[in-house]
Structures are given as C-alpha cells and as structure tokens.
Amino acid sequence: MREGLKRILDGIEDIQVIGEAIDGHDTITKVRSEKFDVLLLDLSMPGRSGVDLIHQIKEEFPKLPILILTMHEEEQYAVRAIRAGANGYLTKESAGTQLVTALRKVASGRPYISMEVAEQLAMSAMPSANNDLTHSALSDREFEVFCHLAKGKSITEIGEILHLSVKTVSTHKTRIMQKMELQSISELVQYAMTHHLL
C-alpha cells in the first residue's frame, strides 16, 4: 500500500515523501525525529493505531495536520477520527483520484471531508441525533474493541492488538454489551453488519 501511495505522489512537484512508518510506534518515533508538513495516517496499522494514535500525536504535535487514509467507509470512523484531531478523512477507494487534493488542502490548514462525513458531524452535534445508532454511545476505545469483536477476534487477540490486558478488554466488552443492550456476540456481529461497520 505504501509503495502504491509513493507512486501516486512521485512526480508531484510540491509534494515529497520524507518518511514512512510500519506501525503506530514507528509513526510516533518518526514524527518526533523529523519535521513533516502533513501526516498521512492509516487507521488500521499494527500496534497502537486509530483514534488512540491521533490523540497522542495531537497531544505532542498539535499543529501537525493529519490526513486519515482508511478502508473504513462508515462515517462513524471518520467522525471519531475528526473529533480526535484529524484534519481530513479519505477512503482508500478514492485515494487514486483525491489524495493529492486532500493532502494540499490539509497542508494549507483546511479540512478535507466528504459531504456524508460533514453531515454526520453536524448530526452528532445535535441533541438526540444519535438515538437510533447505539454504537455512537461507545467511547473511542470501546468502539475499537467493538469492531475487533465484530471481526471475530478473541479477547486475548484484541488485548495483543490494542496493547491492553485481557481484564481491560473484558471490561470494555461488558460495557459495550450493556450500552448497546446486546445479549450475545452474534447479535453484536449482526448489528455491525447491519450498520456497515465491518
């Protein structure tokens, strides 16, 4: 994927790739050691990733613009990423045609989001807007655990992926089931499929 992105950006006069990272830890190390105008970040990298990683980067480097490039088309992912501090959100399907425009826009200090994401952000700001979507009530970490559970990951696997103890993941799972009023993992998977969260 990174090679493909470099090929898209190669030859664009005002854009230069000056670093790349293989996981969340590597991303933090690179951001601390080099000066970037924009960080192009995948939500699903190995190790620390997603909203958690955006929070950490924004805490340390509040002025660094972040453009999210992800396979997740569901607006809920975008809303959480934007709220965490990302400046733009682009799906991998549209990367070929929109990546350069998105990078330039985010680098200039302006947001880059689709109309659907903008609408979702506006809706989530309105009182009682999320009554019909119970996954909106989940915290960012709970939402991450929810997505891994929906993909069939075990509590131990989720703990390894998110660098959490098995006990912490179990607690998140219990809270998710309570908040969403779900009785079983099969109900959770069904909900995820219905709302295009897989």
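The values are calculated or read from the model by the stated rules, or taken from the named source; none is laboratory data. Quick caveat: nothing in here was measured; it's all calculated off a predicted structure. For neighbour counting, all protein chains shown are included, and Cβ atoms are generated from backbone atoms with ideal geometry for every residue, glycine included. In case anyone asks, the SASA skips ligands and DNA or RNA and just uses the protein heavy atoms, side chains included. Shrake-Rupley method; radii C 1.70, N 1.55, O 1.52, S 1.80 Å.
General observations
- Nonpolar atom fraction for the stretch 1-133, defined as the carbon and sulfur part of the 1.4 Å probe accessible area, stands at 52 percent.
- Normalised Debye scattering of the stretch 92-194 at q = 0.12, 0.23 Å⁻¹ gives log10 I(q)/I(0) of -0.58, -1.10, counting only Cα atoms as equal scatterers and leaving out solvent.
- The shape of the chain can be summarised by an equivalent ellipsoid whose semi-axes, obtained from the alpha carbon gyration tensor, come to 30, 20, 15 Å from longest to shortest.
- Remark on Leu90: its backbone amide H falls under 5 Å from those of Ile68, Leu69, Thr70, a criterion applied only to residues 5 or more positions apart or on other chains, H modelled at 1.01 Å from N.
- Computed on the stretch 6-117, with alpha-carbon pairs under 8 angstrom and 6+ residues apart, the relative contact order is 22 percent.
- Rounded to 10°, Cα long-axis angle of helix 140-150 versus longest principal axis of the chain: 70
- Rounded to the nearest 500, the helix-only mean residue ellipticity at 222 nm of the chain stands at -16000 deg cm²/dmol, with each DSSP H run of n ≥ 4 adding -39,500 (n - 2.57).
- Theoretical FRET efficiency, 1/(1+(r/R0)^6), r = Cβ-Cβ of Lys167 and Arg104, R0 35 Å, to 0.05: 0.15
- With θ taken as phi - 60° and the Karplus curve 6.51 cos²θ - 1.76 cosθ + 1.60 applied, the whole-hertz 3J(HN,Hα) list for the stretch 26-43 is 4, 4, 4, 4, 5, 5, 6, 9, 10, 9, 10, 8, 8, 10, 8, 10, 8, 6 Hz, x standing for glycine and proline.
- For the stretch 10-103, the C-alpha radius of gyration sits at 1.02 times the compact-globule guess of 2.2 N^0.38 Å, with N the residue count.
- Excluding ligands, DNA and RNA, the accessible surface per residue across the chain is 55 Å² with a 1.4 Å probe.
- Computed over the chain: relative contact order in percent, which uses C-alpha pairs under 8 Å that are six or more apart: 15
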